[in-house]
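These notes concern the structure reproduced below.
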Amino acid sequence: MGSFVGTYEYNLDSKNRLVVPAPFKDLIGNTFIVRAKPGKFSHIDCFFPENFESTVNAEIEDYIKKGLSADMAAAMARTCSTAVTVDAHGRICIPSKILERAHISKESVFQGMGDRFEIWDSKIHDEYNDMLAAEADKLFDAQMAENQKRYEYMSEGYMLEIKNTGIK
């Protein structure tokens, strides 16, 4: 089994069909599971059928740990999911309810995520990537500040060693 990598842009046609990127189609074969979960950055998760149950079961356990009832946890993890089949032209037909939940109306982005891939509305994907870039900038700034503190600490220690040896 390979890994889903890369980003591909496709338009949804009038029959709710999307072309599956060739590298993804080569990995998934003819059938896979799609699921849309609600939220600000809603998108469609696409799974190998054999990976779907283990992913969903882990999510259900996590939701229960966070205080949801078992029924609510199962509904959160399983609602708006279905198997889709790739047609002879390399397209999938995604049910309207899943497209609505993921806010996909025309322009979409396929994003490889290793063991699965995602389908996003193009504008939401851009917003999400902008948010990721801002978070990466914060992490970089924090790391640079930490590096500066280490440098200053090391410089002070080095200067004390020189002072103690009497070197000017």
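With charges only on Cβ, +1 for K and R and -1 for D and E, what is the dipole size of the chain about its Cα centre, in debye, rounded to 20? Walk me through the numbers on the way to the answer.
Working: 20 positive and 26 negative charges, 43 e Å.
It comes to approximately 200 debye.
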The chain, relative contact order in percent, only Cα pairs under 8 angstrom and at least six apart counted: 30
Karplus (6.51, -1.76, 1.60) ³J(HN,Hα), θ = phi - 60°, over region 91-104, in Hz, Gly and Pro reported as x: 10, 10, 9, 9, x, 3, 4, 5, 4, 4, 4, 8, 6, 9
What's the local net charge at L68, with K and R +1, D and E -1, over the other residues with C-beta under 12 Å away? -2
A correct Karplus calculation of ³J(HN,Hα) over region 85-90, with 6.51 cos²θ - 1.76 cosθ + 1.60, θ = phi - 60°, whole Hz and x for Gly and Pro, returns 10, 7, 7, 4, 9, x
Out of the total accessible area of the chain (probe 1.4 Å, heavy atoms of protein only), what percent is carbon and sulfur? 55
Return one whole number: the accessible area per residue of the chain in Å², for a 1.4 Å probe. 63
Between Rg and the Kirkwood Rh of region 1-81, both from Cα atoms, what is the Rg to Rh ratio? 1.02
Per the Cα gyration tensor, the chain corresponds to an equivalent ellipsoid with semi-axes, largest first in Å, of 46, 21, 16
For the Cα atoms of the chain, what angle does the longest principal axis make with the long axis of helix 49-65, in degrees from 0 to 90, nearest 10? 60
Binned at 10 Å from zero, the C-alpha pair distances of region 73-119 give percents of 20, 52, 27, 2
At R0 = 25 Å, how high is the FRET efficiency between E61 and A142 if r is their beta carbon distance? Nearest 0.05 is fine. 0.20
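The values are calculated or read from the model by the stated rules, or taken from the named source; none is laboratory data. From a predicted model like this one, the values you see are computed outputs, not experimental measurements. Heads up, the Cβs are rebuilt from the backbone with ideal geometry, glycines too, and the neighbour counts pull from every protein chain shown. Calculation scope for accessible area: heavy atoms of the full protein, side chains included, ligands and nucleic acids excluded. Shrake-Rupley method; radii C 1.70, N 1.55, O 1.52, S 1.80 Å.
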